[in-house]
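Every number here is computed from the coordinates shown, using simple stated rules; none is lab data. Keep in mind that this is a model prediction, so the values were computed, not measured. Neighbour counts are summed over all protein chains in view; Cβ atoms, including those assigned to glycine, are modelled from backbone coordinates with ideal geometry.
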Amino acid sequence: MKNLIYIAFLMITHIILAQQTPASPQTTSILITGATIHIGNGTVVENGAVGFNDGKITYVGSASAVDKNEFSQVIDAVGKHIYPGFIALNSTLGLVEIDAVRATDDEDEIGSLLPHIRSLIAYNAESKVVESMRPNGVLMGQVTPRGGSISGTSSVVQFDAWNWEDAAIKVDDAIHMNWPNSLKRGRPWRGEDPGLKPNEDYTKEIDGIIHFLMEAKAYLAGNQNPRNLPYEATKGLFDGTQKLFIHVDGKREITDAVNFAKKAGIEKIVVVGGDQADEVSGLLASNNIPVVVKRPHRLPSSDDENIKHTFMLASLLSKAGVLCSIDPSGSMERMNTRNLPFYAGSFAAYGMAKEQAVQLITENAAKIAGVDKLVGTIETGKDATLFISEGDALDMRTNIISKAYIQGRDISLETHQTELWKRYTEKYGKK
Amino acid sequence: MKIKLCILALFGCSLSLFSQEYFPQNDGVKTENSNYTAFKNAKIYVTPTNIIENGVLLVQNGKVAAVGSSVSIPENSVTIDLNGKSIYPSFIDMCSDFGILAPKEPQKSNTPQYDASREGYYWNDHVMPENRAVEKFSFEEKRAKELLDAGFGVVNTHISDGIIRGSGALIALNENTTNSERIIAEDAAQFLSFEKSKASRQAYPTSLMGAIALLRQMYFDAQWYEAGNAEGKDLSLEALIKNRPLPQIFIADDKLNDLRADNLGDEFKLNYIIKGGGNEFERIDEIVGTKASYIIPLNFPDAYDVTDPYMANKISLEEMLLWNQAPTNPKVLAENNVTFAITAKDNKKLTDFKANLLKAIAYGLDKTTALEALTTIPASLLNESDEIGTLEKGRYANFLITSGDIFDKETTLYENWVQGNKHVVNNMETIDIRGEYTLNINSESYALSLSGELEKIKSELKKGATKIASNITYQNGWLHLFFNPNGDADKDQFIRLSSLIASEGNLKGEAVLTNGNTTNWTAIKKTSQEKEKETETDEIPKVFPVTYPNKAFGLKSLPQQQTILFKNATVWTSEDTGILQNTDVLVKNGKIASMGTNLSASGAKIIDATGKHLTAGIIDEHSHIAAAAINEAGHNSSAEVTIEDVVNSEDADIYRNLSGGVTTIQILHGSANPIGGRSAIIKLKWGEDPTGLLYKERSKFIKFALGENVKQSNWGASQTIRFPQTRMGVEQVFTDYFQRAKEYSEQWKAYNALSSSKKSRTKAPRYDVEMETLAEILNKERFITCHSYVQSEINMLMKVAEKFDFNINTFTHILEGYKVADKMKEHGVGGSTFSDWWAYKFEVNDAIPYNAAIMHDQGITVAINSDDGEMSRRLNQEAAKTIKYGGMSEEEAWKMVTINPAKLLHLDTHIGSIKEGKDADLVLWSDHPLSVYAIAEKTIIEGAVYYDYEQMQEAETLIRQEKNELVNMMIRAKNNGVKTQAPKVKEDEAFHCNTLIYQLK
C-alpha cells in the first residue's frame, strides 16, 4: 500500500514536472526602463527604455525621453541589461529528446537527396530540452534536419508554443546541404588505415547533387506532371524565396561550393561550419556569403593548428567583412545550445568587440535566416522577443535572466530543471 | 592432377636434399662429401672488427674450417679465387615470421566471448607460451630467396600472434637441405607482444593496459604455479616456466610501448630484448634509460606526395618530421651506445630493407655498427655466438661474397652461402661494364653512361647535349641496347646494339641500323671519373631537431624551474584568505616562497601582473586525455589494470589543457564495467615522458562505475551476456568482489602467520593483483571515485561500502547527487560533477545544473570536472556556471576547480591553492578568471612555465614555416624520383568514459 502511494506520488509529480505552459498573448502594454539596451546591431543605449504592445516593440530609446504613462506596466530595470532574444541557427532542438534513446530521435531521415523532408512537423514544442534554452536567453532557433547530401528543409521557430504551428516564425526558410568531403575516412573494419585520405568519389558526389538540382530546375519549368516531391521542394532555391545552407568546412570544399552555387543558379547561399573559412574569407566576403561559424567550444581540427583557432574564427571572418553567426552543432549540441551566449562570449575574448559578439546571435542570425524584419534587434515594429539580464548575458557569471518575452508574451523561465532544483532545495530547507 | 604435381614437386626436391647419416636411402648409393671449399684472395670480415685484407676462408661440412691470411689449402679443396672481392658473415634477422602461416581467424560474431576457448591451458587464449614455431614452420622457397638476396642467412622465426607467442626457431635459409639441417635451435627465444591473438575472440584484454595487467598476473601465476601451489594442470604456465631461460623478445613496435615493456620486465627482473618501432630517437634518453637491447626495424616512411597543397596542408608536422628524421634512428641509437640488432620484419618489400640500410648509413650510422647489428649482436642476443654471426673457425659457413664494401650503393652482392651451400644473387662472372663511354656507330658519336646495379643496369645516352631515350639489358654476359637515333618519339626507328662482353674496358659489338643494315660499333671507356660520380650521390637533406613531444608545439628543451616574482596581482588563494588585491607572489624552487606586498627577490624574473589575476592551477578530477587506452571492458571487474601503464605523453591535449590553465589531472579509467581500473594522476608537464608526468605525490585511486554504461544499455542488442545487465546485478558485483577481497586478505593473513616450516607444507594462496587492489580499498589505502548518475545506485554503493566498513571517496558525474546530498554528506563522500550536461541518455534526464550548488550547500566537497578533452580547456567557465545556476559565490565557485578537487584527490596539502610552501602551480589570467573573457596567459607547474599564450602564437608561425620547408623537401625528393605515398591524415580520437579503443596509435 505504501508503495502504491509512493508510485502514485511519483506519477503526480511527473505530471507536475511537465513542460511550462505557453504564455498568453500580450494584453497590456509594457515598458522596461533604466536598463542598458543591447540593440543587437552593434550599438548600445545606456539608461534606455523599451516599450511594447500587442507583441510589437513600440519604443526604443532613452529612459528619460519616454512617457511612462503611455504604458500599463512599467518595469524598473536600472543596472540591468536588455537583449534581443538570441537565435540558434542550424539547430536540432525539438527533433531529438534523449540522444541515446532511439525512439526519441527524429533528426535524420534515410535517403540522400531530401529537400522535401521538413523539420517543422517533427519539432516538439513541448521538449524539456527546448524549454531549458529560455533561462539563458536563447529564445528562437532554426530547426534543421541532419544527414544525407540534401538533409531537408528547416524552419525558424520561437521557443514558447503549444505546437509547431504556433512555434513557426518562418516556415521552410532554407534547404540544408552537406557538401561532399574531398577527404574520406578509412574504414578500419575493412583493414583500411583509419586516417583521412583523398575521396576519389568527390567529383562524382558533387555531380550527383548538381544533376539533381538541374533536373529539379527543368521539372519546375515544365508542367510538373507527374508530381515529383523532391524536385518540387527545391522551388524556393530558384525563385529566391529560400536559401541554401551548405554545411562545409574545408577551404577547398568551400571554394567548390561557392562555384557550384553560381553554376546551379542559386543566389542565396550560406556556409555552415566553415572551419577553414578564414582561409577563403576574401571569396566569401566578395560574394556576400555569410558563415554560420562552428562553435568555439570544440577542439582544433588538427594538432598543428593554433590551439585557439576555434575561438578566433568568428573574429577573423568578421574582420574580413563576412557576415557571421554561430553554429551550435556538434557533440551534445541540443542541451549545449543554451550555451550559445557563452559561445559568443568566447568569440569576444579572442578579438571581437562584445557588441559585435552579441550581433552574431541576434541581428546577424536573423539576417541569415531571413527573419530580420521580425526579430534580431530591439527596434520599433519588430517582435517584442527580448529578455532582461542582471548583467552581461555573454558571461556565465552574469547571464541571470529575470524576465523574457517572446512576441510580447511574458514567458515562464521555469524548466524541468528549475523545478527539480526548487523541489530539492525545499527538501533540504525543511530539515 | 594437383596432387600428382605436388608429389612430383616433393620428389623433385628430395633428389637434391641433404639426408641425415642414419636415414635409409633408396634412391641411389650413399655418398658423403668431406671436401673443402677454399675462398682465396678475399677481404674477409671474420667479424665486423676483425678484417683480413687478403685471406683464405676454408669451408668443410657447412662450417668454417679455417680462416686467415695464411691458411694452407688442403688438397681435397675446390678453390675459388675471389680476386679481391669481399666476404662478410651473412645477416641474421632475429625477429621474423618466415615460413609461418598467419593463424586462422575464427568466425565473426557480434556476441562477445568472455571465456577461454581452450582447456588445460591458461585462462586467457591470448597467452600461448606453449606455442612453438618449430612445429608450425615450413620452408618457404620464395621468401627464402628474397631473404637470401637481401643478405640474410639465418632467421629467428616465430608465430606472430598473441600476447605470449611461445618460442621462436632459429632457421638457416639453406635451400638445398631439409629442416633437420636448417634448424639451428628449435627454441631460440620466447616472443611476447601487446597484441591479442587473431585466432581467438576472447574479449579480455580489450585494451593495452589490460594486456599489461594480464602479463603481470601471468608472471605472478607462474611463480605460484612453479612453487607447486596449484591444484590442476596448466600447460601454458608450464611452458612459460620452461621458456624462462630463453632470450625474451618483446615486440613493442613503438617508443612508448618500448618503455612500457621495459617497465613490466623490470618488475619481474626480466631483460626483454625489445623490438622497437623505428621512432626510438624521439625519446632517446628514456630508451637509453631502459638499458635494454633492441631490435630495430628500418621502416622509414616514404615521402608524402605533396603536389596537392590542400592535402599537403593536412599532413601533420608530426608525420612530416617522422619522414625527415626516421632514417637517423639507428644512428641516434648507436651514438647513445644502445645495443641493437636490425630486423627486416617491418619492410613489406626486402628491396626496401636494402635501400633503407644504405639510407641509415648515409644518415650517419657507422658501418661497423651496422654490420654488428646484422651479425654479431643478434647472434649474441640469441646466445648463439658459437654458431653464427662471425666467420671464426667452427661457425656455420654463412657468408656473403660482394664486389666490395657491402654498405656501398655500387657494390654488388654476388653470393650468399648458407651452411656451406651457395645461393647466387648476382653472377660473379658478370663483367662490370658500368662507366662512361663514347659510343661510335655509323660515324656518329654519342656519350653513353652505364650505371646502377649490375644486373639491372641503366643506360643514359646523349648526343651532344640532347638526351636520347634508350633501353638496355645485360644478362648472362649479353648486352642489348636500343635507341632511336633521331630522338623522335613518333618514328619507330631504332638502332639495336648487341655484344657478348668478354672483358672490362672498351666495348664492341654488332648493331642493326634503322634501315636494317648491320654494322659494327665500339664504345670507348673514359678514364676514371669515379670521383665526379661520388659527389652526385644523394646528399643528405637537413634533419630537423627532435622536440618533446616530436610534433606541433613540442619543445626543444624542457622548461626549467625559475625564480619568478609576480608583482601586483589579484591573487585568488582558494584559501580562507580569499581574494587578495595588489599582491606579490614569489616562486622559488618550484614552490610558492612568499606572498605579500612590495616583495623583492634577487635574480627573480619579474612579471608585472597589474590588472591581471593569479590563481592556483586548475585540477581536473575526471579526465581521459593523455592516455593510450581508457577502458578495459573484457571483464566486469578490471581492478588489476592501471592507467599509469598507458600514460601517453605525446597527446596534444596536454598542451591544449595547459592553455586553459589546467595543471593537474586525474586520468580515470572509463565506465565500461562496475569495477574499472586504477587512475593515473599527472601534472601536465608537456614534453616530459610518461613517467615524468606522473605526480610524485599522487595518491591511489580507482574508478568504479554505475548505471547504463556498466550494464551495457547502449552497447547494442548483442551485448547482453555479461553480468550485470541491471542495477540489481551491479550491487551484487560489488558485494561479491569485496567479500572475496576480504576473504583473500584473511587467507594471506593466515598464511603469513604460519611458521616457516608450516608454510613449506601448506599451499600458498595465489597472488591476485585484482584482489590486492580491492583489499587496498578495504584497508583505506586506495580510494574510489565512482561514475554515477541516478540516486538509487548512488545510495546503493554507499550502503555496500558501509557494510564493508569503508567510505566511497568521490562520486564523479554524480548527476543526481542533489537528490541524495544529505545521505552523501552523512557518508562523507565528495562530488565531482559536470556543470550543465544532461539529456544525452536516459539516466541523465534529471541532471540539473544546480547540482553542484545544492551539494555544496549540504556541506559536500564539490568539484567541477570535464570528462572531455575539449571542455577541460575551459573549466574556469564551467566553474562560473555555478554562479548562474544556484548562486554560488565567486570564491566558492573558483574552489570547485582548484582546492576542492585537490581535497577529493587527497592532494590539498600540495596543490590546489596559493599558499606558502605549496607547489607553484599557477595561472596568470588576463581577466577575472571566472569570466568568459579570461585568457590564460601563463601556466606554470612547479615554478616552470609550461605554457605561454604569446609563445604559442609564435610556435604556430614556426610550425607553418617548418611544414613549408618540409613540403619543399618532399617535392624535391619526388622530383628526384624517390617513392612517395599518398597523404593520409592522422586523426586522434577524443576519449570519453565510454571509449573502447585497444590502443591509440
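Going by neighbour counts of Cβ atoms within 10 Å, the residues B:PHE98, B:PHE804, A:PHE86, B:PHE194 line up, fewest first, as B:PHE804, B:PHE98, B:PHE194, A:PHE86. In the protein assembly as shown, the DSSP beta bridges split such that about 60 percent are antiparallel, to the nearest 5. For chain B, list the DSSP H helices whose alpha carbon atoms reach 20 Å or more along the long axis and whose average Kyte-Doolittle value is -0.5 or above? Helices meeting the span and hydropathy rule in chain B are B:2-16, B:208-226.
Counting only lysines at least 8 places from B:LYS233 when in the same chain, those with an alpha carbon closer than 16 Å to its own are B:LYS242, B:LYS763. Legend: Rg and Dmax of the stretch A:21-83, from Cα coordinates, 11.7, 36 Å.
Overall, the stretch B:563-720 carries a charge dipole of about 380 debye about its Cα centre when +1 sits on the Cβ of Lys and Arg and -1 on the Cβ of Asp and Glu, all other atoms neutral.
Take peptide B:873-882, look around each residue's Cβ out to 10 angstrom, count Cβ atoms belonging to other protein chains, and average those counts.
Details: counts 6, 5, 0, 1, 9, 2, 2, 6, 5, 2.
Average neighbour count from other chains, rounded to a whole number: 4.
Using only alpha carbon pairs under 8 Å that are at least six residues apart, calculate the relative contact order of the stretch A:163-319 and give it in whole percent. Walk me through the numbers before you get to the answer.
Numbers: 203 pairs, mean separation 28.7, N = 157.
Reported relative contact order: 18 percent.
Applying 1/(1 + (r/R0)^6) with r as the Cβ-Cβ distance of B:ASP308 and B:PHE544 and R0 = 25 angstrom yields a FRET efficiency of 0.65. Charges on Cβ only, +1 for Lys and Arg, -1 for Asp and Glu, centred on the Cα centroid of chain B; of B:ALA326, B:SER835, B:ALA920, which one is farthest towards the dipole's positive end? After comparing all options, I get B:ALA326.
Given only helices, namely DSSP H runs of n ≥ 4 each adding -39500 (n - 2.57), what is the per-residue ellipticity at 222 nm of chain A, to the nearest 500 deg cm²/dmol?
Details: 14 runs with 125 residues, N = 431.
-8000 deg cm²/dmol, from helical runs alone.
Taking 24 Å as the limit for the C-alpha separation, the pairs B:LYS456/B:LYS525; A:LYS308/B:LYS881; B:LYS803/B:LYS895; B:LYS196/B:LYS979 exceed it in the case of B:LYS803/B:LYS895; B:LYS196/B:LYS979. The ranking of B:THR518, B:THR47 from fewest to most other beta carbons within 10 Å of each one's beta carbon is B:THR518, B:THR47. Model label sites at B:GLN981 and B:ALA102, defined 7 Å from Cα along the beta-carbon direction, differ in position by 1.7 nm. For the residues A:ALA348, A:ALA314, A:ALA174, a GNM of chain A with alpha-carbon springs under 10 Å puts the largest fluctuation on A:ALA348. Across the cross-link table entries B:LYS275/B:LYS359; B:LYS359/B:LYS508; B:LYS314/B:LYS703; B:LYS703/B:LYS825, which are compared at the Cα atoms, the separations over 28 Å belong to B:LYS359/B:LYS508; B:LYS314/B:LYS703.
Name the most mobile residue of A:THR255, A:THR144, A:THR385, meaning the one with the largest mean-square fluctuation, in a Gaussian network model of chain A with Cα contacts below 10 Å. In this elastic network of chain A, the residue with the biggest mean-square fluctuation among A:THR255, A:THR144, A:THR385 is A:THR255.
Around the Cα centre of the protein assembly as shown, unit charges on the Cβ atoms of Lys, Arg, Asp and Glu (plus for the first two, minus for the last two) sum to a dipole of about 800 debye. Round to the nearest 0.05 the FRET efficiency obtained for B:ARG244 and A:THR203 when R0 = 60 Å and r is the Cβ-Cβ distance. The computed FRET efficiency comes out at 0.50.
So which GluC sites (Glu not before Pro) in the stretch B:653-717 pass both tests, a DSSP loop state and at most 10 other Cβ atoms within 10 Å of the Cβ? Walk me through the numbers before you get to the answer.
Details: sites: B:GLU688, B:GLU697, B:GLU708; in loops: B:GLU688, B:GLU697, B:GLU708.
Sites meeting the loop and neighbour criteria: none at all.
Would you mind checking A:LYS354/A:LYS403; B:LYS696/B:LYS780; B:LYS556/B:LYS700; A:LYS204/B:LYS984; B:LYS711/B:LYS819 for any pair whose Cα atoms are more than 25 angstrom apart? Too far apart for the 25 Å limit: B:LYS556/B:LYS700. Our summary gives the stretch B:508-664 a relative contact order of 17 percent, counting only alpha carbon pairs under 8 angstrom and 6 or more residues apart. Simple spin-label estimate for B:LEU958 and A:GLU215 gives 5.5 nm between the two label positions (7 Å along the Cα-to-Cβ direction from each Cα).
The slack between B:GLU891 and B:SER557, meaning 0.36 nm per residue of separation minus the straight C-alpha distance, is 116.6 nm. For the stretch B:435-530, the percent of C-alpha pairs falling in each 10 Å distance bin, counted from 0 to the bin holding the largest distance, reads 16, 54, 27, 3. The convex hull built on the alpha-carbon positions of the stretch A:245-289 has an orientation-averaged projected area of 2.6 nm². Dividing the Cα radius of gyration of the stretch B:67-134 by its Kirkwood radius returns 1.35 for Rg/Rh. The residue among A:TYR350, A:SER412, A:LEU360 whose Cα reaches farthest toward the positive pole of the charge dipole of the stretch A:331-431, with charges on the beta-carbon of Lys, Arg, Asp and Glu, is A:SER412.
P(r) tail for chain B, what percent of Cα pairs lie past 42 Å?
Values: 255290 of 500500 pairs.
Result for the distance tail: 51 percent.
Divide by every residue of chain B the summed helix terms, -39500 (n - 2.57) for each DSSP H run of at least 4, and state the resulting mean residue ellipticity at 222 nm, rounded to the nearest 500 deg cm²/dmol.
Working: 27 runs with 264 residues, N = 1001.
Taking each H run of at least 4 residues, the total per residue is -7500 deg cm²/dmol.
Along Cα→Cβ, 7 Å out, is where each label goes; now give me the distance between the ones at B:LEU996 and B:THR178 in nm to one decimal. In this crude spin-label approximation the distance works out to 5.0 nm. Annotation: Cα Rg of the stretch B:91-387 relative to the compact-globule expectation 2.2 N^0.38 Å equals 1.03.
Over the C-alpha trace of the stretch B:630-734, radius of gyration and Dmax come out as 15.9, 46 angstrom.
Note on B:ASP221, A:ASP108, B:ASP653, A:ASP54: ascending count of other Cβ atoms within 10 Å places them as A:ASP54, A:ASP108, B:ASP221, B:ASP653, the fewest first.
Look at the alpha carbon pairs under 8 Å that are at least 6 residues apart: their mean separation over the length of chain B gives a relative contact order of 11 percent. Note on A:341-347: average number of Cβ atoms from other chains within 10 Å of each residue's Cβ is 3.
State to the nearest 20 debye the size of the charge dipole of chain B about its Cα centre, where the only charges are +1 on K and R beta carbons and -1 on D and E beta carbons. Don't skip to the end; give the middle numbers.
Working: 107 positive and 134 negative charges, 187 e Å.
Here the size comes out at about 900 debye.
Out of every Cα-Cα pair in chain A, what percent are more than 36 Å apart?
Numbers: 27917 of 92665 pairs.
Value for chain A (Cα pairs over 36 Å): 30 percent.
As a calculated quantity, the FRET efficiency between B:GLU140 and B:SER72 at R0 = 41 Å, using C-beta atoms, amounts to about 0.55.
As a ratio to 2.2 N^0.38 Å, the alpha-carbon radius of gyration computed for the protein assembly as shown takes the value 1.09.
For the residues of A:306-319, the average number of beta carbons from a partner chain within 10 Å of their own beta carbon is 3.
Since only B:ALA133, B:GLY364, B:ILE73 are under comparison, the one whose Cα sits farthest along the positive direction of the charge dipole of the protein assembly as shown, derived from C-beta charges on Lys, Arg, Asp and Glu, is B:ALA133. For the stretch B:297-403, applying the loop criterion from DSSP together with a ceiling of 10 other beta carbons within 10 Å to the trypsin sites (Lys or Arg not before Pro) yields B:LYS348.
Length available on full extension from B:GLU697 to B:GLU460: 0.36 nm per residue minus the Cα-Cα distance, which gives 78.4 nm.
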